[in-house]
Every structure is written in structure tokens, then in C-alpha cells.
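The values are calculated or read from the model by the stated rules, or taken from the named source; none is laboratory data. Just so it is clear, the structure is predicted and the values come from calculations on it, not from any experiment. Backbone-built Cβ (ideal geometry, glycine too); neighbour counts: all protein chains shown.
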Amino acid sequence: MLDVVWLIPALPLVGFLVILLFGRKLGDPASGYFATGMVAAAFVVTVGVFADLMSLDAEARTEQVQTLFSWVTVGGLKIDLAFLADPLSITMCLFVTGIGALIHLYAVGYMHGDSRFSKFFLYLNLFAFSMLMLVLGSNMLVTFLGWEGVGTCSYLLISFWHEKESAATAGKKAFVTNRVGDWGFMMAMFFAFWAVGSLDYLHINEAAGTLSGTTATAIALFAFIGACGKSAQLPLYLWLPDAMEGPTPVSALIHAATMVTAGVYLMCRISPVLEVSASYAGWIIAIVGVATALFAATVAVSQNDIKKVLAYSTVSQLGYMFLDVGSGAYVAAIFHMVTHAFFKALLFLGSGSVIHGMHHEQDMRRMGALRVLMPITFGTFIVGWLAIAGVPPFSGFWSKDDILLAAFDKSPILWVVGLVTALLTAFYMTRQVIMVFYGEARWHDAHEEHGAHGDLEPHESPWMMVVPLVVLAVLSFAGGFINLPFSEETEKLAVWLEPVVGVHHSDTAKLPLALVAIAMGLIGIAGAYAIYYFKKAKPVEPKILADAWGYDRAVSAFMGGPGRTAFEGVAWADSHIIDGAVTGTGSLVQGAAGQARKVQSGNLRNYAAAVGVGVVLLLIWFVVGRGIL
Amino acid sequence: MGVFAADTLQGPSVNWFALSPLLVMLGGAMLLLVLAALTPAWPKRWYATFTAAVAMGSFAMCFPLWHRLDIEGPSTLVGAAMHFDKTAVWVTVTISVAVFLAALVTDDYLRREGLDGPELYAMYLLAAIGGVVMGSANDLIVLFLGIEILSIALYVMAASHRKRIESQESGLKYFVLGGFSSAFFLYGVALVYNGTGSTNFDAIVNSVNSTIPSEKGHEALMLAGVAFLLVGLAFKVAAVPFHFWTPDVYQGAPTPVTAFMASAAKAAAFAAMLRVLLLALPHWSDDYRPVVWALAALSVVVGSVMAVVQTNVKRMLAFSSISHAGFMLVGVEAATHRAGQPEPGDGPSSVLLYTLIYAVLVIGTFAVVTAVSRTGDAATDLGSFRGLGKNRPVLALAMTVLLLAQAGVPLTSGFIAKFGVIWAAVQERSYGIAVVAMVAAVIAAYLYLRIMISMWIAEPESGDGGRESVRTPAYLTIAIALSVGFTLLVGLFPDWLISLAP
């Protein structure tokens, strides 16, 4: 199957093209099922490729490149449109296509009745294609192509309901923030190309040992800027909470499971370069990661919107992954990426099911007691909750354990901050479960306020929404078993990925650390139960936390105030100051501008005077600067 | 017996074959003017068809010329006044393509505006001659003639929409400012002549080579001459701070004329700039390189930032063309590192490649604007593009491809162009300007996105129902289709074009 790697991205592309041409005819729900089928088919191909790859030697697994065609071959420049199938990329493909197919199926139910149903799946398939290009690209340029593609799709899908002003604004915010990251990616690309003379990952990683420390550090840090944009790390995380304006399947697929992990993936992809870069590069990445993890966890504690909690939680968990990238434990980062994809997709889809059942109510203060009315959603949500809270033997426990172990090896301080984050994570997730599924039903009065819907009775969702929930629940439970820390035998993921990203050796005793982590999780859960279930204490939800420490507002204020003023200032300066200055200086060049002065248009005179100023500047440079001095 | 015996006035020997594209254009222009004056109004589309055929003719003549250059190598023409090399042929191809596409775009436009006639077409061909002369010049005076032939035609063309006051204002502004900058250029020519005793490129270089090294023409007057030449050229390419005319003129001129200005005029001006800087003034490269650097940096940044704050699409594209000029200047800056060396590096070819790619791209973009501007050529604000995705999805898709290419997205020709100049800069270790250019590209992307949002996401303005619908007649459609096709073809398979660039 290795020679059909190209089929993996090609199938969603076919889906995109077919829906582009016949989407309206296919309509609701046929176009949705078709799109689902294409991603599912890509999953089947991925499994085949995976099996083939397994049958190869560990060494041979890293160099399976399939070249479709040479895009640019001129002089020393050679860029291929080629795919690299190695353990890292195929691991990503497996969960991108697998979870992707489930979320597509879910969306068929969720988007039912939307007036732009087929357009939604058009974008969704285009996203799947771009994401697979990003993952499979054998050089940075193909990855960049996918990188831009997923960004555009994310933008289109966030503002899918663009009638809502907030959705349109959120889309713009995502675009602008991501451009900052894209610049970092471009810079990394140029540094790599300049230093190595190639954009191929295989060449770059092979030549990593010969790079000077400074060059490697530059590549690593610029790539990290790119990763911060895509993976929503401080200070560029801003767009992700707002991205929740998009339909919930989009939040689950793009803003939890797949696209936002692209930054982590990129860092793992060029891990040999990270290894030779200066030690402070690793520290920067680890500190940004752990700071983001803690920061976002504190914010999640005070959110009332069911999706905002999950959004900040995603930012926080991505911070964990970067913590490990910075600590050099790439396997742990990818392990957590995989389990997080399972349980966070599950939680998002569960929240979507709740929102669907509640007729688009997202405020948790107006929910409660839903466990009886939505039993399957409830049951699967509980699995996701236990997984993210780090309760053994659910998947999140194993991966979080690896994360904290590697952090401990880097520095105990990082470990402590990670632990606090783990406690907060357990706390806010328990809070969410209690607010949504327990307590008294608060949606009756909420409903009377609304008035419009008639009789609101929360209901369980249709089968195509429930099936993905159940499958993801099973994965969230069992997903951790791919990498159990008992012996080399059970660390299957680590053995599988070792040829690509190396392995992180630790001499620390694992058991005590694990016990502390479990204790932290349980304290968090118990605390939330005491406050929200038994009402032993008043909830402490300071406004500053709900407000994300005021950071978002500060940035918005800056962009809306001084930032906007600066931009408008440029425009104003152009018409006033420059023109004005030019008019003033104009008298200097009166002789030359004599012709212009005959024309009565003030504007024109200013333009001519601007030319005159340019002439004076050039003359000063040439005659005084180069000639006399 | 005449007053002059044949041997008292000996003209230079002329290689008529090498001049054939010029002659085709000149003949075509004359024929068009004379025939149109002697005959009643031609039927629909004939003027445009005739012009496009002439452009194709000069384009076709470039093939045997290219072939001959492959065999015989470059030479000079008409007593060393002009170059006959691949750069010259490349510029001729670019300009022929621009005339061809512009004629197709102009066809229905003139009838829609009630201005049909042969004059504008003849102007295209005459301006093209000026452009080709600029691109082939080997003498400052010849170059000046080319600039004037091109510019005077452009002034008239800019003002040619008799029913729009903005068009006339645009023509007048362009004329006054253009005359102003030409004066500087001519003064520069005079000062260089004063310093070196010649206006011929080779002679200028030789005169410096034969002087004592310590006196290598660093007198103030000579340097002032270099400065003035640079002013004239910077004005023609619309580099900041000599760009002020561009937004007003681009916005006011008839849209197809704007397309022609942004493509043919820019290509000719950049070819001329490369020739002057690299062939005539290589000894001053250390003096002017920082200036080119500054012009490039200012142009990419100011062009991108100002474009983002505009609300009129023609103005946006005008500032975007300033930003594109900045990118080309990045390539010029790279080229100046090798001025006077036998191995030119990637700089010159990256600039020439950029001009060709951009010429096709920008005509395609303005062709869509021509369609959207509707009768009166005034509906060019962002609002006019709203709902285009819904009403005319294919047209909106074509515009999207062209805009993505302008933004430099991979798999489009625009990426190849931008990559080329930045790559050339990186090779010459001009990292600073490469970084500035990349930042500007990131900013400028937002501008193209704004137009795309208007087309695809925004609903049509209320009360839009009674508005004239957007029409895309046959010739306009062909022009758009060709530009989009070329954009994607070069984007997907760039090798053949890159390897051709001289």
C-alpha cells in the first residue's frame, strides 16, 4: 500500500471537487455522507499504509518518500511535490482521518437543516485535504501549502455563520493572528533553505548535526513562532477561544483534534534541529508551553460557556505538549496529542450534542440535570471527563504522566507548575460535568425568557451523532494502552516513533511521580464536588479569570485603540503630514517645481513637491554622502 | 543628383530582422490609424481583433529572434544604440502579451462606455514601441526617447475617457508629474555626459575604466547625474517616495488602461532600470545600492500598509502594484551586488520573470475590475464586489485565483515570482531586505483577503437589485481565462518559464 500514499490526501480532494460541482444536487444529507465516505476511505488507505510500514525494518520506515512530480527544478533549487510516509506522519494521518471521519458523520446530524449544508462539507473536505498535505509533505513547502490551507479553511469555518457579527469578527481574528505565525514559518523555511540548501525534512534533519548552533536556534525559534500561531500558545492563543463561534463539529475537528496540533507536529518533524540548537531554545519552548498550560487552565475555571471551557482547556493541553517538546520528550508530546485528540474530540462532540439537544443554548448556568434526558451523551462525556482529569486507567492519565515525568527531568519547577495545571484541569472539568449534567434543571426558566421555542425538552441526539460519541469514548478509555510505561515491550508508541524523533530516557522513579499526579487529579475533582455539588463553599470565580486576566481585552483595546490609530495614522500622515511637510519643503525646490505650480490643483503641487523632496534626499545621499564625505 | 551624396550621410547598418517586432507594431499602428481614418467605423470587435493580431505578430517574431540568439549570442543594433539580447526579446514578449490582453479587455469596454474607435488601440501599439525601445536601449538618449514615446501615449490614454472628469484629471496629473520626472532624467543624462563624455552605455563604462582609479568619477556632478537618473527611473516604476501619482492615476484612468500601465509600463521601466544600473553605471553600484535598498523597503512596506486601508479596489490594486514594484526592486538590489561582474547571478532574471508574471496577473485582475465597474467605470469600491460569489461564481473564482497569486500563495505564478526575487536576495546575502519583504507580504495578504471576503462572504448591498448586472462579453472572458490559465500553469509547472528567463 505504500505506493498509494498519495490517495490519502487525494480522496478528500475528490470529495471537495465533487461537492463543489454537485453539492447542491446531492443536498442534505447525501453530500454529508459522501464527504464522510471519502475521509473514511482515506482512513482505510492509511491503515493499509500503516500495516505496510510496520512490516519494514525500523530504519527503512523513515525514508519512504513518494514523489508525485518535481515542482521546481532550476539550478540548485529542487522542490518536489512529495509525500513522506514515516511513523510520525502516519500516526498523525491515522487520527486525522479516523477522528475526521467520525466528526464528519457527526456533522451530518448536527448540521441537518442548515441552509448551507453542502457548503459546510465542502469546506470540511477541503480542510481534511489540507491537513493531510501538511502532515504528509516531505518538504517544508508542501507542509506550508497545507499550513495555509488549513488556516484558510479554519477561517472560513469559524465564520461559517457569518450572519452573526461575532462569528465574522472571530474569523478575522483567527486570520490575522495566524499570519503572525505564518511569518515565523516562512522565516524558518528560508533559514533552513539557506543553511541546508534544501527544504526536504530528510535532508534538513540529516544535516542538522552540521548546522551551527546559532542557525539551528534561529530555525527552531522561528518555527516555534509559527507553531505558537497555529497551536494557540501565548501570546498568540487569542484566536482559539473566539473560534468557538464556529459550528461545534468544526471546534472538535479543527480546534481540538487536528489543526491546532500542527504546531506540535512541526516541532517534532524538525526535532533533530531542535536537538542541536542552543539550550535556551528548549527552555523558551518549555516555559511558553507550561505558562500557557497554567494560564489557560486558570481561565477555564471561570468560564460559563460550555465550549469556552473546552477551548481554554485545549489551549492548556497544547501547552503541555510544548512543555514536552521543549524538554526533548517528543514521544510524550505525540502521545498526549493522540490521546488528547480522542478525549477532546469526544468532549466537544458531547458538548455539541448538549447544545443540539438544548436548541443552541451554550450557557452552562442554564443547563443542569441532563444526565437522565441524554443518557448516552452523559455516559460518554463522563469517560472524556475521567480521561482529561487523569484518572487511571483512562488514556489521559498515561499521557499526562509521561508529560510530567519529562518535565520533572527538565526541571522540578516545570513539574510543579504542570501539577498545578493538572489539579486545575480536574477541577474545571468536574465543575463542567456537574453544571451540565447534575443539580436541578435550570433550563425551564431560561426557556421562559426565550419564549420563542415553544416547549423546550432536551432530547438525545440522532444515531449519526451518538455513534461517534461511543467510538470516541472507547478510544478515550483505551487509547492510553498504546504506550504503557511498564517496560519497553509495552511502550509501543515510543518504539514505533523512535527512528524518527528518538527517545527520551529517564532515570527518575516513575511510581512516586504518578501517585502525586493521581492525588492532584483527585483533589481537583473532590474540590469541585465540594463546591458545586455539595455546595460546601461558595464558588470563587473572580471576574479577572473569566476575562482571561484581561489579556484579550488589553490586546483588543490596543488593536482597536492605538493599533487602529496607528494604522489610520499612517493613512492620515500620508495625506496630511507628508503632504504638509512636502508643501513646506516645496519652497526649496521652487525652481524645479515651477512647472507644477502653474497648475492650480493643490494636490498635484504636493505630489510634485514630494518628488522634489525625494530628489533632495537622493542628492544629499549621493553628493554629500558618497561624493564629498 | 541630390544635395547630399550618398557617402556624405552614412547611416549605421541596420539589422532589420532583429527589429522586426518593433516594425510589426509600428506598421500595425500606422495601418490602423490610416485605414480607420479612411474608412467608416469598423464593425464590432474589429479594432480589438486587429490590435490583438498585431500583438500576436510581434510576439511570434520573438521566436525566431530567440532562436538566433541561442546560436549567435547577443549583439548591438543601429550603431550600438540598442541591444539585441534575450533581455530585450523577453521585454518584447512581455509587452506584446500585455498589448494582446489589454486589447481584448478594452474591446467591450469602449462600446459599453460609448467611446468605440481606433485611437486607444493605436496608442497601445505606440506605447508598446516605446516600451520595447526602453527595454533594448544601449544609450541614455535612446532610453529617454523610449520613455517619452511610452509616457506620452500613456498620458493620452489615461485621459481618454471623455465622459469621466476623473479620467481627465488623472491624465493631467500624470502628464505634469511625468514631465517633471522626465526633466530630472534628462538632466541626469546631461550630467553623466558631462562626467564621461558619452551617453552610450559601453562608452560610459570604458571612459571610467580608462581614468585613474582614484578619480573614478566620484565628482559631485557625476554623482548628481546618477541620482537624477535614478529619480527618473524610480518615478517610472512607481517606487516610494516617487509613487504619489500612482493611486490617483490608476483610479482615474479607464480600467483597461490602468491594466496596461501596471503591466507593460512597469515591465519596460524595470528592464530599463536594470540596464542603466548594471550596464551603464556598474562603477557606482556601491553608491546606489543603499538607495535601491531603501526604495525597495519603502515600497513594499508603504504599498502593503496603504493598500490595506483603502476602500476602493482600484486604489487598493494601485498600492498593491507599488508593493509589487518593491518586490521587483528587491530583485534589482540583489542584481546590483554583481554589477559589472561577468556572472550576473539570479537577480536580473528574477526581476524579468516577475515582470512577465505580474503583467499577466495584473491584467487579469483589472479585467475582472473592468467587468465589475459597470457602465460609467465608476463602481470600483469594495461594495461593488459584494455578492459576486453568489451571482457570478465562476468570475469570482477566477478573481480569487488571481488575488491568491498576487498574494504569493504557492502553486500560483505569484509565488514563483516572489520566491524568485527573495531567493536572489538571500543568495546575495541581503537578508535584511528579504525579511522586510516577507513581513510586507504577510501584511499585504490581508488586502487580497478583504476583496475575497467581499466577493464570497458579504451579502450584496441592500437596494442592489436595480443595479446593472455584471457582464462578461466574449473577449473579456478570453482575457480573464488566459490570465488565470497562465497563472495556474506557471504555478504548477514553473520550470520551463524559470529556465527561459534570461
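Observations, loosely collected:
- Members of the stretch A:242-269 that are assigned to a loop (DSSP other than H, G, I, E, B) and surrounded by 24 or more Cβ atoms within 10 Å (Cβ to Cβ): A:Gly246, A:Thr258
- Restricting B:Ala325, B:Ala271, B:Ala296, B:Ala264 to those that are surrounded by 24 or more Cβ atoms within 10 Å (Cβ to Cβ), more than 14 Å from chain A (Cβ to nearest Cβ) and more than 15 Å from the chain's Cα centre (by Cα) reduces the list to B:Ala296.
- Residue match in the stretch B:479-492 (condition: within 30 Å of B:Ala297 (Cβ to Cβ), within 10 Å of chain A (Cβ to nearest Cβ), touching a residue at least 60 places away in the same chain (Cβ under 8 Å) and under 22 Å from the mean Cα position of the chain (by Cα)): yes
- Exactly one residue among B:Val276, B:Val192 is out of contact with any Cys (no Cβ under 6 Å at 6 or more places or on another chain), modelled with pLDDT of 85 or more and within 30 Å of B:Ser323 (Cβ to Cβ), and that residue is B:Val276.
- Candidate set: the stretch A:157-166, residues that are assigned to a helix (DSSP H, G or I) and surrounded by fewer than 24 Cβ atoms within 10 Å (Cβ to Cβ); chosen: the one nearest to the other protein chains (Cβ to nearest Cβ): A:Glu165
- Count of residues meeting criterion [assigned to a loop (DSSP other than H, G, I, E, B) and farther than 19 Å from A:Ala195 by Cα] in the stretch A:212-241: 8
- Taking the criterion of being in contact with a helix residue (DSSP H, G or I) (Cβ under 6 Å, 6 or more places away or on another chain) and part of a helix (DSSP H, G or I), the residues of the stretch B:57-86 that qualify are B:Gly57, B:Ser58, B:Phe59, B:Met61, B:Cys62, B:Leu65, B:Trp66, B:Leu69, B:Lys86.
- Just one of the numbered conditions (1) of a type outside the set (Asp, Glu); (2) buried (at least 24 other Cβ atoms within 10 Å of the Cβ); (3) within 11 Å of chain A (Cβ to nearest Cβ) is not true of B:Val291: (2).
- Matching entry among B:Arg315, B:Arg338, B:Arg374 (being basic (Lys, Arg) and either over 30 Å from B:Ile165 (Cβ atoms) or buried (at least 24 other Cβ atoms within 10 Å of the Cβ) (or both)): B:Arg338
- Pairs where the first residue, in the stretch A:105-134, is basic (Lys, Arg) and the second is part of a helix (DSSP H, G or I) and surrounded by fewer than 24 Cβ atoms within 10 Å (Cβ to Cβ), C-beta under 7 Å, 6+ apart: A:Lys119/A:Gly23
- Among the residues of the stretch B:328-356, those that are within 14 Å of another protein chain (Cβ to nearest Cβ) and of a type in the set (Asp, Glu) comprise B:Glu343, B:Asp346.
- If the condition is being aliphatic (A, V, I, L, M) and touching a residue at least 40 places away in the same chain (Cβ under 8 Å), then the stretch A:11-40 contributes A:Leu13, A:Ile19, A:Leu20, A:Leu26, A:Ala35, A:Met38, A:Val39, A:Ala40.
- Here A:Thr169 fulfils each of the conditions (1) assigned to a helix (DSSP H, G or I); (2) modelled with pLDDT of 85 or more; (3) touching a Ser or Thr at 6+ places or on another chain (Cβ under 9 Å) apart from (2).
- Hits in the stretch A:187-198 - residues which are under 12 Å from A:Leu221 (Cα atoms) and either free of Cβ contacts under 8 Å to residues at least 24 places away in the same chain or at the interface with chain B (Cβ under 8 Å from one of its Cβ atoms) (or both): A:Met187
- Which listed residue is part of a helix (DSSP H, G or I) and within 14 Å of another protein chain (Cβ to nearest Cβ), from B:Ala359, B:Ala307, B:Ala367: B:Ala307
- Being at pLDDT below 90 and more than 24 Å from A:His104 (Cβ to Cβ) is a description that does not apply to A:Gly289.
- One residue from B:Phe235, B:Phe244 being modelled with pLDDT under 90 and within 12 Å of chain A (Cβ to nearest Cβ): B:Phe244
- The residues of the stretch B:409-449 that are under 15 Å from A:Glu148 (Cα atoms), more than 10 Å from every other protein chain (Cβ to nearest Cβ) and not in a helix (DSSP H, G or I) amount to a single one, B:Thr412.
- Residues that are among the polar types (S, T, N, Q) and closer than 15 Å to A:Leu13 by Cα were ranked within the stretch A:119-156; the one that is farthest from the other protein chains (Cβ to nearest Cβ) is A:Asn125.
- Tally, over the stretch A:48-97, of residues that are of a type in the set (D, E, K, R) and either surrounded by 19 or more Cβ atoms within 10 Å (Cβ to Cβ) or within 14 Å of chain B (Cβ to nearest Cβ) (or both): 4
To keep it simple, each residue is scored yes or no on (1) among the charged types (D, E, K, R); (2) modelled with pLDDT under 90; (3) under 27 Å from B:Gly79 (Cα atoms).
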{"position": "B:Ala18", "(1), (2), (3)": "no, yes, yes"}
{"position": "B:Leu26", "(1), (2), (3)": "no, no, yes"}
{"position": "B:Leu32", "(1), (2), (3)": "no, no, no"}
{"position": "B:Ala41", "(1), (2), (3)": "no, yes, no"}
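- One residue alone among A:Phe486, A:Phe481 is aromatic (Phe, Trp, Tyr) and over 20 Å from A:His340 (Cα atoms), and that residue is A:Phe486.
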